[in-house]
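Trainee: Supplied in structure tokens, the structure appears directly below.
The values are calculated or read from the model by the stated rules, or taken from the named source; none is laboratory data. Keep in mind that this is a model prediction, so the values were computed, not measured. Note that each Cβ is placed from the backbone with ideal geometry, even for glycine, and that neighbours are counted across all protein chains shown.
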Amino acid sequence: MYPKKFQNLIDQFSSLPSIGPKLAERLVLSLYKKESEVSVQFARALSELHNITTCSRCYNIAEDELCAICRDDSRDRTTLCIVEEPLDIIPIERSRSYTGNYHVLLGTLKGTDAGHLTIPALLTRIDTDNVQEVILATNFTTEGDVTALYIKNLLTDKNVRITRLVRGLATGSDIEYADDLTLQSALTNRTQM
Ligand SMILES: [Zn+2]
């Protein structure tokens with residue numbers, strides 16, 4: 001039996017995905033064997049995890065008013081990639097096949113209700129940034145497809161090219177879990193809606 005303080009931390013690690021009790025045990029023991037300063041830094045990083053904010057322009061996760069992508073002036077602001085959640089941006093960035101900006105919807109359509117989505121801000125950006133292309137990169141799920149179609153219909157009177165990632169991604173799949181090559185091809189071969 002481990003001391004209660006060990007067991008408590010083992011239980012915390014075990015609650016994470018892919019970490020079983022055995023691995024949790026190894027992690028805790030390895031932390032215990034290191035200098036106590038390592039644990040202090042680890043705890044500090046954990047406690048600061050939710051100390052973040054939302055980008056006021058694109059609704060990505062940000063540490064300041066604007067996220068790192070919106071602050072980067074070398075990126076093309078006339079192309080917007082529309083995603084459901086901030087974490088969807090990470091695999092697209094990792095694929096290194098996109099240099100435009102993003103807009104995070106913060107969800108999908110619920111029935112016909114879009115009140116919780118960041119669509120008003122999207123419409124404003126399309127006008128103020130003179131956006132030329134909107135890439136709908138919502139997930140290939142029923143909700144993602146319905147949301148993409150809803151946005152497409154909203155944009156019909158705007159002079160903007162509307163594209164969707166190609167379905168190299170399997171139906172029902174989340175952008176968040178797509179690999180680099182699949183995303184590169186999905187972006188390069190995106191089709192007009
Ligand atoms: Zn941003």
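Trainee: Could you check region 132-146 and list, in sequence order, the residues that are β-branched (Val, Ile, Thr) and out of contact with any Gly (no Cβ under 9 Å at 6 or more places or on another chain)? Can you show your working first?
Mentor: Going residue by residue through region 132-146, those that are β-branched (Val, Ile, Thr) are 134-135, 138, 141-142, 146.
134, 146 - these are the residues of region 132-146 that are β-branched (Val, Ile, Thr) and out of contact with any Gly (no Cβ under 9 Å at 6 or more places or on another chain).
Trainee: Look through 61, 82 and report the one residue that is farther than 24 Å from residue 190 by Cα and aliphatic (A, V, I, L, M).
Mentor: 61
Trainee: Right, something else. For residues in region 11-58 being in a helix (DSSP H, G or I) and of a type in the set (Val, Ile, Thr), which is surrounded by the most Cβ atoms within 10 Å (Cβ to Cβ)?
Mentor: Checking each candidate, the answer is 28.
Trainee: Within region 103-113, does at least one residue satisfy the condition of being in the same structural domain as residue 141 (by TED's automatic domain parsing) and either touching a Lys or Arg at 6+ places or on another chain (Cβ under 8 Å) or of a type in the set (Lys, Arg) (or both)?
Mentor: Yes, that holds for at least one residue.
Trainee: Can I ask one more? Quick one: in region 50-93, which of the residues that are in contact (Cβ under 8 Å) with a residue 40 or more places away in the chain and touching an Asp or Glu at 6+ places or on another chain (Cβ under 6 Å) is nearest to the ligand (Cβ to nearest atom)?
Mentor: 77
Residues are listed down the side, and each one gets a yes or a no for (1) modelled with pLDDT under 90; (2) within 18 Å of residue 61 (Cβ to Cβ):
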| residue | (1), (2) |
| --- | --- |
| 99 | no, no |
| 103 | no, yes |
| 110 | yes, no |
| 122 | no, yes |
| 126 | no, no |
| 132 | no, no |
| 141 | yes, no |
